[in-house]
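Structure first, commentary second.
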Amino acid sequence: ANYENNDGYYLNPESNVPDDGLYSAGVSMSLAKGFLAKERMATLKQSKLYKDISLNKQSLVVNEVLYNAVEAYFNWLKNYQEYKVYNDYQNNA
């Protein structure tokens, strides 16, 4: 809503309004605002998803390294136990 009342000695004649003032009402909105906001929201959601994906990939790599380390340890333990058994056989022989 708007009310405009212009008067004065040095007023430009183009700016004259009726004696009781000029009333106006209206609605203004930006048509592209929704599109830009949606694009920003989509970019934000996409970046959050990329962050989650990278964290999950990092966890996957860490789990793979731990799995390989545990597997190597148990292979070593099995071979060491076999070595001890054969060493005991040799000592007993």
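The values are calculated or read from the model by the stated rules, or taken from the named source; none is laboratory data. What you see is a predicted model, and the numbers here were worked out from it, not measured in a lab. Surface areas here come from the heavy atoms of the whole protein model, side chains and all, with no ligands, DNA or RNA. Shrake-Rupley method; radii C 1.70, N 1.55, O 1.52, S 1.80 Å.
Here the accessible area of the range 37-77 is 65 percent carbon and sulfur, with a 1.4 angstrom probe and all protein chains present. Cross-link reach is defined here as a Cα-Cα straight distance under 23 Å, omitting same-chain residues fewer than 8 places apart; for K38 the lysines meeting it are K48, K51.
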